[in-house]
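Only one structure is covered here, and it is reproduced in the block below.
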Amino acid sequence: MILAVRSDSVVDVQGTLAGQALHFEREADGFHALGGVPFGSDSAVARVVRSYADGVVDTATVPLPVRRRRLPGERLRVAPEFARPPDSLKERIRLESELVDGVRERAHETPRLWHEPFERPRTSVITSGFGIPRIFNGAVRSRHYGVDFAGQWGAPVHATNRGVVALVADLYYSGTTVLIDHGAGLVTGYFHLSRVFVVPGDTVERGQVIGHVGATGRVTRPHLHWWGTYGEITVDPLDLLRLVPSLEWRATGHAKTRRTDAQR
Ligand SMILES: [Zn+2]
């Protein structure tokens, strides 16, 4: 969702939403920041600290309504070691998740690098949406925290927006993985790749081919899993497609936009 603080007398805005820092930017009609809400929440609280030209600082706590989604389950059969990883792999999985958490954290320190709307990583059909409960070999193991795009082995995968490649790695669950840091808290991920054409530190442009579809990691067939995070919050990456980085940032995702008008 986009938060907006509209007041001529406000000179700076800091804040958090759902525990994550917000990165407000000044635009012609006020300050705007992108924020995320954890999946399954039915409300979220934004805390906003406004500084005024006359030196006054005030704090506002704004409850934001969030519409919940109802989702059907999805039954999958995978090799038993992916349904319940053996104990010997726990340490590997823990280290990998630390690696990814580090990228998510550092994205809060990166300035916003994208200036155009997000694009899909592939033009193919979506085969599985965000948040769907995953029933592996008869037991609910997780939710599907990403969006799957159809693709043959070797089909191109495009960067969905400008950013810096923050991680290229072969991870247990997500296979060959590329993470792009778009700055101001936002990261996108591209999982299960067969080939990768970028290295950490590369600046990638929107639409650039960064790799090929594959079937590495916990998968049943070749496809692209597209993933998006705002800090510690995993978001529906399709919501990113609706963000317009202009004077009028708009959000029409499942989380309603709420204006925190700061007129005095
Ligand atoms: Zn997926």
Residue-wise HN-Hα coupling along the range 202-212, computed from phi with Karplus coefficients 6.51, -1.76, 1.60 (Hz; x: Gly, Pro): 5, 8, 10, 9, 4, x, 5, 6, 9, x, 10
Exposure proxy ranking, count of Cβ atoms within 10 Å, fewest first, for Leu95, Leu3: Leu95, Leu3
Dipole magnitude (debye, nearest 20) for the chain, charges at Cβ of Lys, Arg, Asp, Glu: 1120 debye
Phi to ³J(HN,Hα) by Karplus 6.51 cos²θ - 1.76 cosθ + 1.60 over the range 232-238, Hz, x for Gly, Pro: 7, 9, 7, 10, 6, x, 5
Dipole in debye (nearest 20) - the range 74-231, about Cα centre, beta carbon charges: Lys, Arg +1; Asp, Glu -1: 560 debye
The chain: angle of helix 90-106 to the longest principal axis, Cα-based, in degrees nearest 10: 30 degrees
Over the chain: helical MRE at 222 nm, DSSP H runs n ≥ 4 each giving -39500 (n - 2.57), nearest 500: -2500 deg cm²/dmol
Amide H contacts under 5 Å for Arg206, placed H, 5+ residues apart: Arg162
The chain, relative contact order in percent, only Cα pairs under 8 angstrom and at least six apart counted: 22 percent
Counting all C-alpha pairs of the chain, share separated by more than 24 Å (%): 50 percent
Per-residue ³J(HN,Hα) for the range 175-182, Karplus 6.51 cos²θ - 1.76 cosθ + 1.60, θ = phi - 60°, Hz, x for Gly and Pro: x, 6, 10, 10, 10, 10, 8, 8
Dipole of the chain, positive direction: furthest Cα of Val209, Val178, Val235, with charges on the beta-carbon: Val235
Long-range amide H partners of Gly228 with built H, under 5 Å: Gly189, Val235
Potential extension, Arg112-Arg68 segment - 0.36 nm per residue separation minus Cα distance: 13.0 nm
Amide H contacts under 5 Å for Leu171, placed H, 5+ residues apart: Thr176, Thr177
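Read-outs: derived from the displayed coordinates by stated rules, not from any lab. Please read these numbers as outputs of a predicted model, since none were measured by experiment. Cβ sites come from the backbone with ideal geometry, for glycine too, and all protein chains shown count toward neighbours.
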